[in-house]
Structure formats: C-alpha cells, structure tokens
Amino acid sequence: IAFPAFFGEKIQTVVSRLYPDVNAKIEVGPNKGKNGDYQCSCSFLINKELSKMGQKTNPKEIANNLSQHFGDVSCLEKIEVTGPGFLNFYLKPNFVSSQIQDVLVNGVRAPPCNKRLKVFVDFSSPNIAKEMHVGHLRSTIIGDTVSRLLEFVGHDVHRVNHLGDWGTQFGMLIAHLQDQFPNYTTESPPIENLQAFYKESKTRFDQDPDFKARAYKCVVSLQGGDEDIIKGWKLICGISLAEFNKIYERLDIRLDPVGESFYQKKMEELVPELEKAGHLQFSEGCKLIFVEGQDVPMMVVKSDGGFTYDTSDLAAIKYRMVTSEADWGVYVVDSGQGLHFDLLFAAARKIGLVKPEQKLDHVGFGVVLGEDRKKFKTRSGDTVKLKDLLDEGLQRAEKKIRDKEEIKKEKGGAGLLTEEEIIACRDAVTYGCIKFADLTCTRTNDYVFSFDKMLDDKGKTAVYLLYALTRIRSIARNAGKSNIELLDHAKQNPVNLEHEAELKLAKTLLRFAEVIEEITGTLQPHTLCNYLYDISTDFTYFYDKCYCIQKDRETGEIVKIHMDRLLLCEATAQVMEKCFNLLGIKTVSRM
C-alpha cells in the first residue's frame, strides 16, 4: 500500500463531505518524528480557504473534525491531532507484521497500476562511427533506471536508442571505405578502430576538395538507395553497434536501436502533410512552424531543401504517438536541450501529433564534472571515453578488493573470497558505484565524478550499501537457516515485532510502495537511492539493539535463534535487492 496516497484519498473524501466549498490540496507524508508514522497538515489550508469565505474557525478544530469523521481503517491504530492542527496517523503493529509476512511469502511487489500505459523511453543515443564517451553516461544510466521502474509497475515500455546513423558524415565514411577497401561489397574489411577511420575520413573531407565532392555524391546515392552504398553504410553501422553493445552488456542495459535513418521516409511524408494542413510558414526559403509563447520557430525544411533535427524529432513523435499509439513519450536528454524540447512538444501538440491525454516528458539532467568542478576531461583535455572510464573503475575496484584480501590473510585468512568471487565483486562494485553515484544526486544537478568517493565503503555509496546487504544475508547463513526454511516458517507463523527497533525497520520497509509511486511520477531516481540508504541506516539501528543469534560467550555455540528477527532480516534483504535491481545494480552474496 502506498500510504500517503491511500490516506490522502480518505481525507479528501471527508473534506468533500464536511467542507464541500473548499478546494485544498491534500498531501500526506511519512513522519520521521515521534508523532505517528504519517502526517497531514491540510487543516491549515482548509482554514485559510474558510477564512476567505468569512467563516471563523482554526486548524486544530478542523483537524479534530476530520479525525472524528475519518472512520475505521483496518491498518490504523489511531489518528491523533497534535500541535496547532497536525493530523498524525499510527499504523497497527499487527498490520505491519502482516505486511512483512506478505513480503516474505509473495515477494516484493509494485503498487497497483491503475492503467497499463504504452511508453517510449528515448535514451543513450550515441552517434555511429564515434566512440561512446562520458557525455553518454548519464542518459544511459538514468534512462535504464526510468525504464526499469516503469516496467516494474506494469507499463509496456519500449527502450529506444535514437542513434545518429544518417547524414553527411556517412558520405565521407563510405567514400573513404571505397578507397581503403575497394572490395568491401564482397569481402568484410578489417576495420579495427572505427574512430581512427572516422578521423582519417574527416581529415580528407576537410582538406581534399575532390574527396569532399565525392563524399557528397555518396550521400546522394545513400539517400537514393544505391545498393553498394547502402551495403557500406550497413557495414559501418554494424561495426559501431557491436562496440556500443559491449558497453551496454557491461552495464547490463538493454536497448532497441532505432536510428535517424528509420525516419527518413517518414520525414518525406510528414512535410507535405504539414503543408497541406497549413501548419508551415515560409521565411527566406525555409519552412517553419511558429508556436505561441516560444521565442524561436521550428525549422522543418532548410532553404536548401534539407531536413533538420527538428524534422526528425517531429517524425519520431508522429511514429510513437500516432502510428504506435503510445500513451507517454519520455526523453532522457541533458538539460541543455530543455528549450528544444519545450518547443518540440508545443509544436507537436499544435499540429495535432499529440492528443491532450497523451504525455510527453523531458527527463533532463546536469553534466558530469571533474574534481576541479569543470567539465570532465582527460588530462590532455580530450573527452573521456566510456570504455576507458569503465576499465579504470575495474582496475581501481580490483586493487581495493585484493588489498583487503591481503589484510584478511595477515589476520589468519578467515572469510577469504575465491578468485571467482573477487571478479564478481569487482564487477558489481565498479558498475554499481558508477551508477549509484550518478543516480544518488538530483538528476537536474551537475555532479562531480570521483572514483575515490565512489569506492569509499563508508557513507551513501554503492560499496557501503552492497556490503550492508551481504552482511544481512550472512546472518541467516551463520544461523544455519536456508531461504527455504525461512519461507516455510513465514508461511506458517506471523512475524512478531515487539522491540521498537524492529517496528521502525519494518515500517521503513513498508514505505517501498509509496517510494515507487512517487518516483514514477517525478522520474527522480535519487529518491530510491535515499530510501535504500534509509533502510540500511534503520537496519544498523535494529541490529545494534536486537540480537538475531545468541551465542555462548565461552564456546561460541549458538544457544538461541530469534526466528522473527531472521525473517525481518530476510524481508530487509529482499526489499534492498529489489531496489538495487531497479537501479540496475547487481548484487553479490559475499564481499
């Protein structure tokens, strides 16, 4: 149950009955203080509205009135009015217990999905023939998490990689291909470094007029569908996609490549449609769409007759929202493109490509900074390649893990990891810490990339949280209890929660549904990172206060196992694992 929404709807019903003329926004939030589990301050807003109507009352009187008319709710122990008029909701301990039992028996589930939506999530979008760099990192990571969240709550999500696979650059690449590998149509050319190949063709394009003219002819032939030219284009795209997929595989990210080339014919069909409908205006040979409230128009056709990125984006919206009948389009692109998307969305609605009930969202984000707080670059000033960044992370993580293993050896060798576990731990830590560092900050802010901070095993980092999870998992192992035994016990017995630390942790676990509901509205993944850290903090408090296993101080033998607490540990691990999964972070059993 997402309690804020649940209690909010109940209060709204009572307000509508008691104060029918009042239109107040009802918000309920978790209360981390001593006064209840959830709190609502709507009485202050209602009082303000009533005062405007000339009715004399006060927030406390309103809060008491709401409380008295709230009615019985099975999950509530009581509603209490505190201070000048706050409504505080207390959950019943036995209800909390039953919900923890439900997690153990039925798994961690998403809040109910009122309507299954068809969603296109557009993210990553590198350019063919160029290497992925740090500038692609945030779109790729955030887009994947947004997709995972929307899939988890039950939506039909289409993960779109809008590749830059069309344009003038392919003319020069194909012309260079013809010169370097004239038999490319019958023999696959051994192009090992496509980036170097691109640079060579660009140098020739800039310096050799004859080559430049031939490159333009190749573009014309490509657009005209020449068989040999198309074969060269597909060959270059194939090499590039194979390299992109290596990065995506390392990051455990799934995408469907749908490049700009897919929309070429669709643009040719769209422009006449817009002209016929009277949506285009002419200015200095260009065809434009003017949108009220926007400072600049959309350029649909250039003065030379060529299409633009605006044209391609409109064609993509038409395909997604009209042809495919999507309910929601999500674009995960840096905040610097904010004005472009404002104009694009407004234009798409003006010309009828998007219905009022369909949604379009630009999920913007800040840039990645170096530790000098300037745009992240190599020491030589070049853009940081994503492959190099991931490789460096692996090296740093492995060194740190092996250093800790050496310390274990010096202390007697207890708990040493196998070589296979070291590699699994290295990969989970590397990719997990890069993702978590990105996702844990408010996405619209810039963030400083620092491996030292990412790999710190203290504070709000992936390393700390992954270690916390392995420690929780080790408790049941130390007690000699398998997951099957814990599940069987949970099916047959309620989970008794008596200590205040047990209840505190359990109530935090029950916030999972409301956190997911919030994020699917805001598309702000840092909320999930904060929640994961809250779980870890509350678990530490619980573990310090409550023994799960009691051992004989002299012999070290287990004298008592608290099964209810082991079950709470298991529920905690399950919720944490689901959070990690939604963030795209793999977990390990030992660290």
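The values are calculated or read from the model by the stated rules, or taken from the named source; none is laboratory data. This one's a predicted model, so the numbers in the text were calculated from it and none came from an experiment. Backbone-built Cβ (ideal geometry, glycine too); neighbour counts: all protein chains shown. For accessibility, only protein heavy atoms count, side chains too; no ligands or nucleic acids. Shrake-Rupley method; radii C 1.70, N 1.55, O 1.52, S 1.80 Å.
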Query raised in the report: Across the stretch 7-26, what is the number of residues that are out of contact with any Leu (no Cβ under 9 Å at 6 or more places or on another chain) and either acidic (Asp, Glu) or without any contact (Cβ under 8 Å) to a residue 12 or more places away in the chain (or both)?
Result: 4
Requested in this report: Please note which strands (runs of 3 or more DSSP E) are completely contained in the stretch 257-334 and include at least 3 residues that are out of contact with any Ser or Thr (no Cβ under 8 Å at 6 or more places or on another chain).
Outcome: 281-283, 286-289, 328-332
Report task. Return a yes/no flag: does the stretch 19-36 have any residue that is touching a Ser or Thr at 6+ places or on another chain (Cβ under 8 Å), of a type outside the set (D, E, K, R) and not in a loop (DSSP other than H, G, I, E, B). Result -> no
**Report entry** the stretch 291-312, subset among the hydrophobic types (A, V, I, L, M, F, W, C) and under 15 Å from residue 345 (Cβ atoms), residue surrounded by the most Cβ atoms within 10 Å (Cβ to Cβ)
**Finding:** 298
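Condition check ((1) open to solvent by 40 Å² or more (accessible area, probe 1.4 Å); (2) part of a helix (DSSP H, G or I)) across all residues:
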{"residue": "513", "(1), (2)": "no, yes"}
{"residue": "520", "(1), (2)": "no, yes"}
{"residue": "543", "(1), (2)": "yes, yes"}
{"residue": "550", "(1), (2)": "yes, no"}
Query raised in the report: What do you reckon, is residue 484 within 23 Å of residue 103 (Cβ to Cβ), outside any loop (DSSP other than H, G, I, E, B), modelled with pLDDT of 90 or more and open to solvent by 50 Å² or more (accessible area, probe 1.4 Å)?
Result: yes
Query raised in the report: When you scan the stretch 398-424, how many residues do you find that are under 25 Å from residue 452 (Cβ atoms), open to solvent by less than 70 Å² (accessible area, probe 1.4 Å) and either of a type in the set (A, V, I, L, M, F, W, C) or in a loop (DSSP other than H, G, I, E, B) (or both)?
Result: 5
Requested in this report: Please verify whether the stretch 231-243 includes one or more residues that are in contact with a Lys or Arg (Cβ under 9 Å, 6 or more places away or on another chain) and either at pLDDT below 95 or charged (D, E, K, R) (or both).
Outcome: yes
Query raised in the report: Got a sec? Which of 530, 478 is among the polar types (S, T, N, Q) and open to solvent by 60 Å² or more (accessible area, probe 1.4 Å)?
Result: 478
Report task. Please name all residue pairs, on different chains or six or more residues apart, with Cβ atoms under 6 Å, provided the first residue is in the stretch 112-133 and is open to solvent by 40 Å² or more (accessible area, probe 1.4 Å) and the second residue is not in a loop (DSSP other than H, G, I, E, B). Result -> 118/156; 127/164; 131/195; 131/385; 133/383; 133/385; 133/386
Requested in this report: Take residue 188 and decide whether it is of a type in the set (Gly, Ala, Ser) and closer than 30 Å to residue 525 by Cα.
Outcome: no
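Conditions (1) part of a strand (DSSP E or B); (2) over 27 Å from residue 581 (Cα atoms), marked per residue:
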position	(1), (2)
54	no, yes
88	yes, yes
97	no, no
125	no, no
137	no, no
Query raised in the report: Out of curiosity, is residue 64 closer than 17 Å to residue 88 by Cα, modelled with pLDDT under 90 and open to solvent by 40 Å² or more (accessible area, probe 1.4 Å)?
Result: no
Query raised in the report: Pick from the stretch 553-584 the residues that are of a type in the set (A, V, I, L, M, F, W, C) and open to solvent by 10 Å² or more (accessible area, probe 1.4 Å): which of them is farthest from residue 439 (Cα to Cα)?
Result: 559
Query raised in the report: Taking the stretch 487-503, which residues are assigned to a loop (DSSP other than H, G, I, E, B) and open to solvent by 50 Å² or more (accessible area, probe 1.4 Å)?
Result: 493, 494, 496, 498, 499
Requested in this report: Sort out which residues of the stretch 107-128 are of a type in the set (A, V, I, L, M, F, W, C) and either in contact with a Lys or Arg (Cβ under 9 Å, 6 or more places away or on another chain) or at pLDDT 90 or above (or both), and write them in order of number.
Outcome: 108, 110, 117, 119, 120, 121, 123, 128
Query raised in the report: Could you say which residue among 160, 146, 153 is at pLDDT 90 or above, of a type in the set (A, V, I, L, M) and in contact with a helix residue (DSSP H, G or I) (Cβ under 7 Å, 6 or more places away or on another chain)?
Result: 153
Report summary line: Screening 208, 228, 144 for residues that are in contact (Cβ under 8 Å) with a residue 24 or more places away in the chain, of a type in the set (Asp, Glu) and either farther than 30 Å from residue 375 by Cβ or open to solvent by 10 Å² or more (accessible area, probe 1.4 Å) (or both) leaves only 228
